[in-house]
Amino acid sequence: MLCGIGFTMSLFIGALAFPGQQALIDEAKLGVLAGSLVSALCGFALLRFAPQRV
């Protein structure tokens, strides 16, 4: 879950994938940022509510 937080390379690849098409680049950025947010929230919830081992 927490591995989805790293998104800088995804933003770079999204910019390379759609040269000259700013609308598609913006959509790719929005999708990457939304996915990172969901991943961070799920990872936080997983760590927060996981039973602690003693």
| query | If you build a Gaussian network model of the chain, linking Cα atoms that sit under 10 Å apart, which residue out of Ala28, Ala17, Ala40 swings the most? | reply | Ala17
| request: Could you state the angle between the C-alpha long axis of helix 8-17 and the longest principal axis of the C-alpha atoms of the chain, as a value from 0 to 90 degrees rounded to the nearest 10? | output: 30 degrees
| note | Here P(r) for the chain, Cα-Cα distances in 10 Å bins, as whole percents, is 26, 38, 21, 11, 4, 1
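Which whole-number percentage describes the relative contact order of the chain, with Cα contacts under 8 Å and a sequence gap of 6 or more? Walk me through the numbers on the way to the answer.
Numbers: 32 pairs, mean separation 27.6, N = 54.
In percent, rounded to a whole number, it is 51.
Give me the percent of the accessible area of the chain that comes from carbon and sulfur atoms, probe 1.4 Å, all protein chains in place. Mind dumping the intermediate values first?
On the way: 3220 of 4490 Å².
Summing carbon and sulfur atoms, their accessible area is 72 percent of the total for the chain.
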| Going by alpha carbons, how many degrees (0 to 90, nearest 10) lie between the helix axis of 22-49 and the longest principal axis of the chain? | 0 degrees
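Just the number please: accessible area per residue for the chain, 1.4 Å probe, all protein chains included, in Å².
On the way: 4490 Å² over 54 residues.
For the chain, the solvent-accessible area averages 83 Å² per residue.
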| query | Per the helix-only calculation at 222 nm, which mean residue ellipticity applies to the chain, given -39500 (n - 2.57) for every DSSP H run of n ≥ 4 and division by its residues, nearest 500 deg cm²/dmol? | reply | -24000 deg cm²/dmol
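The values are calculated or read from the model by the stated rules, or taken from the named source; none is laboratory data. Everything numeric in this text was worked out from a predicted model, so none of it was measured. Accessible surface is based on the protein model in full, side chains and every heavy atom, while ligands, DNA and RNA are left aside. Shrake-Rupley method; radii C 1.70, N 1.55, O 1.52, S 1.80 Å.
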